[in-house]
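Step one of this worksheet: look at the structure below.
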Amino acid sequence: MNITRIFFLALVALGFDVEILIARVMLNGREENPRSHRLTKLTLEGKHYLLDVGFGVSTPVIALPIDQSSRVSEGVNLYEISRRDRLIDVRQVLPNTQHLYRVELAQFYESDCEIAHFYSHHHPDAAFVNNLVVSRIEKGERWLIRNNLLHYWHETSAVHTQQVIQSREQLHTLLTDTFLLNVSKATSAWLMERYVLAA
């Protein structure tokens, strides 16, 4: 079970009014991208919001209002929500400019999510099949491993560093100490061979 479903089920258990949405990831700018990213729509006091806990290092960490086009900020991050009838585009404007995703307000089921999840983790062209991607966000700090590179951002100071991962020991230490994952040295070694050295 992935984190986005756990988050959704937790909100249901707490009594919140939530629905499943599936968005097209738009980072590469291609209009024909499949619907593959699960979001949660929250209805609270008559207003509607997008909640996201699974977009990696670019995840908005606030609820995004979607009843009309608007801009919303969180720390140094500024997001633009464009609403056209039932179609919603979410863009990050600051500190980086990127089109995150496009979502249509329609009815989706867990079965739709299972298909999207299967594509994302099994299709030979899917990003998560061909790349090692690990991310963490905490209190204005963001960490990202993408294949052989470790990126670090500090949002308040605008510091961005990049470091090449050079050994399986270094990768294992990053995964366990920085990303707080419970992975074995054997798994870290496999990831090193499969993704890091191949980058």
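The values are calculated or read from the model by the stated rules, or taken from the named source; none is laboratory data. Bear in mind that the values here come from a model prediction, so they are computed numbers and not experimental data. A quick note on method: Cβ atoms are made from the backbone with ideal geometry, for glycine too, and the neighbour counts reach across all protein chains shown. The protein model used for the area step is the full one, side chains on, heavy atoms only, and it has no ligands, DNA or RNA in it. Shrake-Rupley method; radii C 1.70, N 1.55, O 1.52, S 1.80 Å.
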For the Cα atoms of the chain, what angle does the longest principal axis make with the long axis of helix 110-122, in degrees from 0 to 90, nearest 10?
-> 30
Put one equal scatterer on each alpha carbon of the chain, apply the Debye formula with no solvent term, and list log10 I(q)/I(0) at q = 0.09, 0.13, 0.19 1/Å to two decimals.
-> -0.37, -0.79, -1.49
Quick one: compute the contact order of the chain, relative version, from alpha carbon pairs under 8 angstrom and 6+ residues apart, as a percent.
-> 13
Roughly how many Å² is the accessible area per residue of the chain, as a whole number, for a 1.4 Å probe?
-> 57
Got a sec? Charge dipole of the chain, +1 on Cβ for Lys and Arg, -1 for Asp and Glu; which of TYR195, VAL183, HIS99 is way out at the positive end?
-> TYR195
Per DSSP H run of at least 4 residues, take -39500 (n - 2.57); add these up for the chain, divide by its residues and hand me the 222 nm value, nearest 500 deg cm²/dmol.
-> -5500 deg cm²/dmol
Of ILE22, THR40, ALA10, whose Cα points farthest to the positive end of the dipole of the range 1-47 (charges on the beta-carbon: +1 Lys, Arg; -1 Asp, Glu; origin at the Cα centre)?
-> ILE22
So which trypsin sites (Lys or Arg not before Pro) in the range 1-89 end up in coil per DSSP with only 16 or fewer other C-beta atoms within 10 Å?
-> ARG30, ARG86
What are the aspartates and glutamates whose alpha-carbon lies under 16 Å from the alpha-carbon of LYS185, with same-chain residues fewer than 8 places away excluded?
-> GLU169, ASP177, GLU193
